[in-house]
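S.K.: There's a structure below that I have some questions on.
Read the figures in this text as sums done on the coordinates, not as results from a lab. Nothing here was measured: the structure is a model prediction, and the numbers come from that model. When we count neighbours, we look across all protein chains shown, and the Cβ atoms used for this are built from the backbone with ideal geometry, even at glycine.
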Amino acid sequence: MRPADYSRLDGLALASLLRKGETSAFELMTIAVQLARERAMPLNALCYQRFEEALEMARTAQLVGPFGGLPFLLKDSGLASRRLSSSMGSRMFRDTRFSFDSTLVERFEAAGFISFARTTVPELCMAPTTEAVANGGPTLNPWDPARSPGGSSGGSAVAVALGVVPIAHGSDGGGSIRIPASCCGVFGLKPSRGLLPMGPARGEGWGGLATDGVITRTVRDTAAVLDAIAGADPGAPYAAPRMPESFLAGLDKPFDRPLRVAKWVSTWNDIPLDADCLAAVESAERLLIRNGHQVVEISPPDIDFDGFANALIDVIAANAVVSIETAAVGRPSEQWRGLLEPAILGAYHYGKTLRATDYISAIACFQQISREMERYMQGFDLLLTPTLTQLPVTLGTLSMNDDFRSFRLKGARYTMFLAIINASGQPAANVPLYWNQQGIPVGIQLVGRFGDEDTILRASAELERSSPWIGLYARLRVGG
């Protein structure tokens with residue numbers, strides 16, 4: 001198989017060739033490693049590479065699960081893996097090792113994935129860009145290297161957009177799957193709260209906002225991955241939402257009635273929307289209507305956006321304190337304070353001032369938004385919004401050299417439609433339907449009712465059939 005042929009195929013297509021004996025896990029891993037070196041590493045998208053080990057694993061791999069023997073990448077988010085160390089994009093956490101595999105890593109491996117590296121993130125995954133000092137500089141957007149690929153799953157989105165792998169791990173606590181998926185022109189679904197396991201060492205992340213997931217080249221790959229890895233693990237604090245028998249099997253089922261889709265193109269606090277973001281929504285609306293659905297423009301619910309942004313700051317800062325103090329045990333402060341970027345050190349200092357009542361109030365804010373969004377979605381199957389309020393920002397626009405609060409508030413304006421959905425726990429996806437005249441991808445977000453990934457995936461698959469995006473990746477191909 002040539003690298004160009006590998007890059008054109010999604011995960012399920014490659015897995016089919018593996019099962020038929022038309023390729024081998026070793027051949028695919030050889031190509032993936034070659035492309036990682038040629039494409040992903042020049043854009044600073046990978047860390048903790050285990051290329052030679054992965055090649056040996058692929059040489060003797062058993063074709064287990066739906067993706068038996070497929071090359072895969074784990075986000076450097078601290079998801080526990082005995083094979084791959086982690087830094088979470090921080091010099092303070094460099095080379096963190098694990099004595100166990102997280103439940104999700106076990107499920108990825110049972111699905112047949114072979115992880116051969118981690119993907120780059122901002123420090124502690126706390127930014128909508130990927131510019132960690134620990135990684136030696138920013139991760140670059142493959143469509144325009146002067147722009148950010150988004151964050152915090154920036155390296156994963158870059159690797160998928162470049163065809164290095166068809167599927168990569170991501171996580172999302174405030175848009176961290178959907179932001180880079182939009183910036184890099186790929187599909188990224190944030191699942192409902194509780195759908196994917198977080199154990200055995202963790203019960204929740206960021207007060208219930210965070211979840212894991214994947215970034216993919218096609219909708220069907222995401223559906224097939226969910227079939228393989230979804231479901232709560234023993235002792236999980238949240239029950240997994242009810243699932244269909246198969247997300248993948250449902251993709252080809254026609255809807256028995258037109259969907260009713262709410263559209264947001266107005267903002268809280270009159271935050272401006274870039275014309276290309278509005279054009280992306282209008283393009284998606286036309287496709288939805290052409291497919292027989294109804295789109296109704298309505299205003300966002302009456303949510304105190306500033307209050308929510310401040311609640312999110314409090315929860316992130318509190319989590320920063322816990323993470324940093326855990327790593328700092330037994331280390332004098334002068335040994336580790338200089339290892340943190342200014343905004344993260346600011347988060348630590350601010351977090352130390354928080355009271356228990358501040359944290360409880362922030363969680364109550366999230367829970368109120370969850371109730372508000374449930375009421376708001378009554379009568380609608382989906383919500384259509386821009387993914388971001390502007391084009392992928394240029395490198396350095398959202399800098400960790402700012403003070404923590406300013407940094408987070410700037411990011412909140414950029415990602416205005418995203419973290420609200422983490423608070424509500426609903427599923428949401430970036431769908432890559434639109435590229436502007438300069439060739440920059442501009443995503444749209446589809447939000448479903450809690451526990452209804454199925455409708456998002458089926459609608460996204462319809463849109464993919466109406467306006468296929470996989471061919472647009474061809475301009476990224478180099479060599480092969």
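S.K.: Could you size up the charge dipole of the range 337-480 around its Cα centre, putting +1 on the beta carbon of Lys and Arg and -1 on that of Asp and Glu, and report it in debye to the nearest 20?
M.R.: My answer is approximately 400 debye.
S.K.: Calculate the translational D of the range 166-301 in whole µm² s⁻¹ from Stokes-Einstein, where the hydrodynamic radius comes from the Kirkwood formula applied to all Cα pairs, the temperature is 25 °C and the viscosity 0.890 mPa s.
M.R.: D = 144 µm²/s.
S.K.: For the range 66-82, in order, what is each residue's ³J(HN,Hα) by Karplus, 6.51 cos²θ - 1.76 cosθ + 1.60 with θ = phi - 60°, in whole Hz (x at glycine and Pro)?
M.R.: Listing the rounded values in order: x, 10, x, x, 7, x, 8, 10, 9, 5, 7, 9, x, 4, 5, 9, 5 Hz.
S.K.: Over the chain, consider all pairs of different Cα atoms and compute the Kirkwood hydrodynamic radius from their mean reciprocal separation; express it in Å, one decimal.
M.R.: Roughly 22.0 Å, rounded to one decimal.
S.K.: Just want to confirm a number: the relative contact order over the range 1-95, from Cα pairs under 8 angstrom separated by 6+ residues, in percent.
M.R.: 28 percent
S.K.: Follow-up. What is the set of long-range amide H partners of residue 451 at a cut-off below 5 Å, with H atoms built 1.01 Å from backbone N?
M.R.: Distant-sequence amide H within range of residue 451: 192.
S.K.: Please say if the range 335-382 is rounded, prolate or oblate, where rounded means a/c under 1.5 for a ≥ b ≥ c the square roots of the C-alpha gyration tensor eigenvalues, and otherwise the choice is prolate for a/b larger than b/c and oblate otherwise?
M.R.: oblate
S.K.: Excluding same-chain residues fewer than 8 positions from residue 20, which lysines have a Cα within less than 28 Å of its Cα?
M.R.: 253
S.K.: Apply the Karplus parameterisation 6.51 cos²θ - 1.76 cosθ + 1.60, with θ equal to phi minus 60°, to every residue of the range 378-388 and state each ³J(HN,Hα) to the nearest whole Hz, in sequence, with x for glycine and proline.
M.R.: After applying 6.51 cos²θ - 1.76 cosθ + 1.60, I find 4, x, 10, 8, 9, 10, 10, 9, x, 6, 10 Hz.
S.K.: Sorted from fewest to most neighbouring beta carbons within 10 Å, what does the list 123, 325 look like?
M.R.: 325, 123
S.K.: What does the helix-only formula give at 222 nm for the chain: each DSSP H stretch with n ≥ 4 adding -39500 (n - 2.57), the total divided by the residues, and the result rounded to the nearest 500 deg cm²/dmol?
M.R.: So the helix-based figure for the chain works out to -11500 deg cm²/dmol.
S.K.: Would you mind classifying the range 25-118 by shape? Square roots of the alpha carbon gyration tensor eigenvalues, ordered a ≥ b ≥ c; an a/c under 1.5 is rounded, otherwise it is prolate if a/b is larger than b/c and oblate if not.
M.R.: Since a/c reaches 1.5 but b/c is at least a/b, the shape of the range 25-118 is classed as oblate.
S.K.: I've got another one for you. Show me, for the range 264-281, the HN-Hα J-couplings you get by feeding each phi into the Karplus relation (A = 6.51, B = -1.76, C = 1.60, θ = phi - 60°), rounded to Hz, glycine and proline as x.
M.R.: So the J values, rounded to whole Hz, are 10, 9, 10, 10, 6, 6, 6, 5, x, 10, 5, 4, 5, 5, 5, 5, 5, 5.
S.K.: Given a cut-off of under 8 Å on Cα pairs at least six residues apart, what relative contact order in percent is computed for the range 379-439?
M.R.: RCO, the range 379-439: 37 percent.
S.K.: For residue 75, list the aspartates and glutamates whose Cα falls under 13 Å from its own Cα; do not include residues on the same chain fewer than 8 positions away.
M.R.: 123, 172, 212
S.K.: On to the next question. In the range 216-261, which trypsin sites (Lys or Arg not before Pro) are in a loop and have at most 15 other Cβ atoms within 10 Å, using DSSP for the loop call?
M.R.: Qualifying residues, ordered by number: 242.
S.K.: Right, next: Among 269, 283, 349, whose Cα lies farthest out toward the positive end of the dipole of the range 264-361, if unit charges sit on the beta carbon of Lys, Arg (+1) and Asp, Glu (-1)?
M.R.: It is 349, whose Cα lies furthest towards the positive end.
S.K.: Could you line up 6, 48 from fewest to most neighbouring Cβ atoms inside 10 Å?
M.R.: The most exposed by this proxy come first: 48, 6.
S.K.: Rounded, prolate or oblate: which fits the range 387-480, taking a ≥ b ≥ c as square roots of the Cα gyration tensor eigenvalues, rounded meaning a/c under 1.5, else prolate when a/b beats b/c?
M.R.: oblate
S.K.: At q = 0.13, 0.19 Å⁻¹, work out log10 I(q)/I(0) for the range 245-292 with the Debye formula, treating every Cα as an identical point scatterer and leaving solvent out; two decimals please.
M.R.: -0.49, -0.78
S.K.: In the range 155-241, what chymotrypsin sites (Phe, Trp or Tyr not before Pro) fall in a loop by DSSP, with at most 16 other Cβ atoms inside 10 Å?
M.R.: Filter output for the range 155-241: 238.
S.K.: While we're here: Over the chain, what is the relative contact order in percent, taking alpha-carbon pairs closer than 8 angstrom and at least six residues apart?
M.R.: Once divided by the residue count of the chain, the mean separation gives 17 percent.
S.K.: Please order 326, 23 by the number of other Cβ within 10 Å, starting at the fewest.
M.R.: Going from least to most buried by this count: 326, 23.
S.K.: Quick one: which residues, 5 or more positions from residue 117 or on another chain, have an amide H under 5 Å from its amide H? H modelled 1.01 Å from N in the peptide plane, none for Pro or chain starts.
M.R.: The answer is 50, 74.
S.K.: A further question on this structure: Amide H to amide H under 5 Å from residue 434: which residues, 5+ apart in sequence or cross-chain, H placed 1.01 Å off N in plane?
M.R.: For residue 434, whose amide H was placed from the backbone, the distant partners under 5 Å are 442.
S.K.: Now a separate question. Please state the charge dipole magnitude for the chain, taken about the Cα centre, from unit charges on C-beta atoms (+1 on K and R, -1 on D and E), reported in debye and rounded to the nearest 20.
M.R.: Rounded to the nearest 20 debye, it is 560 debye.
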